[in-house]
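**Student:** One structure, pasted below without further comment.
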Amino acid sequence: MRKIPFYFIILSLLVSCTEAKEEDEKVTQHYTIEQFMNNLSVFGGSFSPDESDILVSSDQTGIFNAYTVAIDGQSELQPLTESTDQSIFTISYFPEDDRVLYRSDNDGNEIYHIFVRNEDGTSQELTPGENARAVFYGWAHDGKSFFYGSNQRNPQLMDVYEMQIDGYTSDMIYQNDQALGFGGISDDKNFMALTKPINTNDNELFLYNRTSGEMSKISEEQGAYNPADFAKDNSALYYTTNVGSEFTYLVKYEFEAGEKTKILEESWDIWYAYFSHNGKYRVIGINEDGKTVVKVENMETGNAVDFPQFENGDITSVNISRSENKVSFYVGSSSSPSNLFVFDIETGEHKQLTNTLNKEINEKDLVTAEVIRFESFDGLEVPGIFYKPKGASKDNPVPAIVSVHGGPGGQSRQSYSALTQYLVNHGYAVYAVNNRGSSGYGKTFFMMDNKNHGEGDLMDCVKAKDYLATLDYIDGDKIGIMGGSYGGFMTMAALTSHPEEFEVGVNLYGVTNWLRTLKSIPPWWESFKDALYEEMGDPATDSVRLYNISPLFHADKIVKPVMVLQGAQDPRVLQAESDEIVEAARKNNVPVEYVLFPDEGHGFVKKENRIEAYSKILKFLDEYLKQEELKG
């Protein structure tokens, strides 16, 4: 073997070190919130009947509307609707013509109505009623009708209806007096899967025979049961369950024999499973450590389809066309918003149809998240998604944010967040903690916060802060907490129960008075109410505990700056929650900022509102956490 001169080795090392140093010291460009929000948000994947276009929703104009995109990738998004005030979200093309279903509500109040856009461009409301909520359930296999749920008969009960597409007449096909959850209908329209929540982890699974009127209970042992799909010959129901296992697996229940067979098990939760239109393919989604792993199987051959792979990419929203020849799906990552792709199964070719990242942003300036685990107060290993700012080092320590997801029972995932990347781009480390009670890590972990909210789960957040403080590139004296919905509750709980732990708090539409919230949940949540009470507590019988964990009643303990953001139309966390915590905190003579959007609900949808919200969050953090002197 030929020897390499020693001096050449030294020279190579010097060059490598110099290049690495230059890369580390390269100044990352800082982007405005307008630039981040000029990313394109696109979702939806319904193929047109001739499979030449895909129907999507996009906020290209600042508010969500319906668009089509050609699968040849030769044209930009083509608008179908032009709403300027109410967001429009697409549902589906009609199976045999170019009519389109979409839904809309009133400024985020979640009272959805279903509309049709006709081929001549006119629109028609199909589910009228000022306070009647309608939810699309799916197309009949023959494409001549669709199913939907509506509470027009009783605000607390979602009955099941079938609407014919010729004339738009509808009939109730199941009167839901037991407040069961709809889980799908067989291709012959005879069998219906229904669920009844016991708590937020466990439920019961039923099979309703429309011909005989018989209701059969499928679930036996207590656990989670989620309908997946019916067999194409209408002989069986596929569902996922975690009975006898930490993670959910796929089961086949055969109607005639009454037999249950485990079909597929992974080392993580099988999130979903369904068949293509005629059953040629089966799609499996696996929730693997905060990312989705998709597997497609040819049921005729038993072979796996060579589905496209993307490094660091999270594949979502997989939809196989009715012809079973094409697949639409999205690929995103922690550093890139999701893009729409189309895949030809026969040729194996795939094509990217959108470019959602603003051209003014260099993706190399953004940060790829990594999964980091730490040991909590009781030795439990807790995972989280970590974003380290470029340039953070021992010589340049940065402030940090512990970010808490919604729920209870949500999960922070390795997906793109404009707010997170905006904060990281401006010098904040962000750790999206998956505290105990988060989904995706087994049922034991998921149930650890039951009637323990604001206690063990909150201590996980505190220990996440302590872990961050051990990193030499984090300024341990400048760590805040932020969250939305349930994460907003955790933020306020931290500021009231552990007032000296975090330097600031940012609460986005978070619960602060559990006694009120649990009594005022939307009527259409009736089927879920008992399960929520089982996990959180019943305000009629657990009032003392709910009082003790409600931040509003301990607001006198708030000693750190706090920011609150709220939508006035929010049906889940009422505006009064935020009004009262802001008023109470201001009595403590601490900095309190309140941002209220009159035309938003539970989450901010309109682009101009998100720009305002996120820019104000950064300014607040710069002033009170980073403690930079504001300019201008």
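The values are calculated or read from the model by the stated rules, or taken from the named source; none is laboratory data. Because the structure is predicted, anything quoted here is derived from the model rather than measured. Positions of Cβ are backbone-derived with ideal geometry, glycine not excepted, and every protein chain shown enters the neighbour counts.
**Student:** As an exercise: evaluate Phe89 against (1) touching a Gly at 6+ places or on another chain (Cβ under 9 Å); (2) crowded, with 19+ Cβ neighbours inside 10 Å; (3) at pLDDT 95 or above and give the number of the one condition it does not meet.
**Tutor:** Every listed condition holds for Phe89 apart from (2).
**Student:** Residues of segment 332-370 being free of Cβ contacts under 8 Å to residues at least 12 places away in the same chain and within 29 Å of Ile320 (Cα to Cα), which ones?
**Tutor:** Step one: filter segment 332-370 for residues free of Cβ contacts under 8 Å to residues at least 12 places away in the same chain, giving 347, 349, 359, 364.
Thr347, Glu349, listed by residue number.
**Student:** Is it true that some residue in segment 39-48 is among the aliphatic types (A, V, I, L, M), under 19 Å from Asn355 (Cβ atoms), in contact with a strand residue (DSSP E or B) (Cβ under 9 Å, 6 or more places away or on another chain) and not assigned by TED's automatic domain parsing to the domain that holds Phe604? Full working, then the answer.
**Tutor:** Narrowing segment 39-48 to residues among the aliphatic types (A, V, I, L, M): 40, 42.
If we keep only those that are under 19 Å from Asn355 (Cβ atoms) as well, we get 40, 42.
If we keep only those that are in contact with a strand residue (DSSP E or B) (Cβ under 9 Å, 6 or more places away or on another chain) too, we end up with 40, 42.
Next, from what is left, pick out any that are not assigned by TED's automatic domain parsing to the domain that holds Phe604: 40, 42.
Yes, segment 39-48 contains at least one residue that is among the aliphatic types (A, V, I, L, M), under 19 Å from Asn355 (Cβ atoms), in contact with a strand residue (DSSP E or B) (Cβ under 9 Å, 6 or more places away or on another chain) and not assigned by TED's automatic domain parsing to the domain that holds Phe604.
**Student:** Report the residue count in segment 69-86 for those that are touching a strand residue (DSSP E or B) at 6+ places or on another chain (Cβ under 6 Å), assigned to a loop (DSSP other than H, G, I, E, B) and loosely packed, with under 15 Cβ neighbours inside 10 Å.
**Tutor:** Count: 1.
**Student:** A further question follows. Which of the strands (runs of 3 or more DSSP E) contained wholly in segment 231-290 include at least 3 residues that are hydroxyl-bearing (Ser, Thr, Tyr) and either at pLDDT 95 or above or crowded, with 21+ Cβ neighbours inside 10 Å (or both)?
**Tutor:** Details: elements: 236-241, 249-254, 259-264, 269-275, 281-288.
Output list reads 236-241.
**Student:** So which of Asp570, Asp579 ends up being outside any loop (DSSP other than H, G, I, E, B) and either assigned by TED's automatic domain parsing to the domain that holds Gly510 or buried (at least 22 other Cβ atoms within 10 Å of the Cβ) (or both)?
**Tutor:** On the way: Asp570 fails: outside any loop (DSSP other than H, G, I, E, B).
Being outside any loop (DSSP other than H, G, I, E, B) and either assigned by TED's automatic domain parsing to the domain that holds Gly510 or buried (at least 22 other Cβ atoms within 10 Å of the Cβ) (or both) holds for just one of Asp570, Asp579, which is Asp579.
**Student:** I'd like to verify a number: residues in segment 494-520 that are surrounded by fewer than 24 Cβ atoms within 10 Å (Cβ to Cβ) and either polar (S, T, N, Q) or not assigned by TED's automatic domain parsing to the domain that holds Lys619 (or both), how many?
**Tutor:** Total meeting the criteria: 4.
**Student:** With the structure loaded, tell me whether Ser520 is without any contact (Cβ under 8 Å) to a residue 60 or more places away in the chain and polar (S, T, N, Q) or whether it fails that test.
**Tutor:** Details: without any contact (Cβ under 8 Å) to a residue 60 or more places away in the chain: yes; polar (S, T, N, Q): yes.
Answer is yes for this residue.
**Student:** In segment 32-54, which residue that is within 23 Å of Leu101 (Cβ to Cβ) and not in a loop (DSSP other than H, G, I, E, B) is farthest from the chain's Cα centre (by Cα)? Lay out the reasoning, then the answer.
**Tutor:** Let us first name the residues in segment 32-54 that are within 23 Å of Leu101 (Cβ to Cβ), namely 40-54.
So of that shortlist, the ones also not in a loop (DSSP other than H, G, I, E, B) come out as 42-47, 53-54.
Values: Val42: 14, Phe43: 13, Gly44: 14, Gly45: 17, Ser46: 20, Phe47: 23, Asp53: 26, Ile54: 22 Å.
Step by step, filter segment 32-54, then rank; the result is Asp53.
**Student:** On to the next question. For segment 167-179, what are the residues that are touching a Ser or Thr at 6+ places or on another chain (Cβ under 9 Å), modelled with pLDDT of 95 or more and either over 23 Å from Phe528 (Cα atoms) or crowded, with 16+ Cβ neighbours inside 10 Å (or both)?
**Tutor:** Correct list: Ser170, Asn176.
**Student:** Do you know which residues across segment 187-230 are in contact (Cβ under 8 Å) with a residue 40 or more places away in the chain, polar (S, T, N, Q) and not in a loop (DSSP other than H, G, I, E, B)?
**Tutor:** Within segment 187-230, Asn203, Asn226 qualify.
**Student:** Restrict the check to segment 147-157 and report whether at least one residue is under 23 Å from the mean Cα position of the chain (by Cα) and either basic (Lys, Arg) or modelled with pLDDT of 95 or more (or both). If you could, list the steps in order and put the result at the bottom.
**Tutor:** Going through segment 147-157, the residues under 23 Å from the mean Cα position of the chain (by Cα) turn out to be 148-149.
Right, trim to either basic (Lys, Arg) or modelled with pLDDT of 95 or more (or both) and you get 148-149.
Yes, segment 147-157 has at least one match.
**Student:** If the requirement is being among the hydrophobic types (A, V, I, L, M, F, W, C), buried (at least 16 other Cβ atoms within 10 Å of the Cβ) and out of contact with any Pro (no Cβ under 9 Å at 6 or more places or on another chain), which of these qualifies: Val382, Val331, Val398, Val367?
**Tutor:** Working: Val331 fails: out of contact with any Pro (no Cβ under 9 Å at 6 or more places or on another chain); Val398 fails: out of contact with any Pro (no Cβ under 9 Å at 6 or more places or on another chain); Val367 fails: out of contact with any Pro (no Cβ under 9 Å at 6 or more places or on another chain).
Exactly one of Val382, Val331, Val398, Val367 is among the hydrophobic types (A, V, I, L, M, F, W, C), buried (at least 16 other Cβ atoms within 10 Å of the Cβ) and out of contact with any Pro (no Cβ under 9 Å at 6 or more places or on another chain), namely Val382.
**Student:** Looking at this structure, is Ser57 within 25 Å of the chain's Cα centre (by Cα), free of Cβ contacts under 8 Å to residues at least 60 places away in the same chain and closer than 30 Å to Gly181 by Cα?
**Tutor:** Values: within 25 Å of the chain's Cα centre (by Cα): yes; free of Cβ contacts under 8 Å to residues at least 60 places away in the same chain: yes; closer than 30 Å to Gly181 by Cα: yes.
Here the answer is yes, as Ser57 does meet what is asked.
**Student:** From the list Phe329, Phe343, which one is in a strand (DSSP E or B), more than 21 Å from the chain's Cα centre (by Cα), over 20 Å from Thr420 (Cα atoms) and not assigned by TED's automatic domain parsing to the domain that holds Met459?
**Tutor:** Working: Phe329 fails: more than 21 Å from the chain's Cα centre (by Cα).
Phe343 is the lone residue from the list that is in a strand (DSSP E or B), more than 21 Å from the chain's Cα centre (by Cα), over 20 Å from Thr420 (Cα atoms) and not assigned by TED's automatic domain parsing to the domain that holds Met459.
**Student:** Go through the residues of segment 580-596 one by one and say whether even a single one is within 25 Å of the chain's Cα centre (by Cα) and within 21 Å of Asn106 (Cα to Cα).
**Tutor:** Yes: one or more hits.
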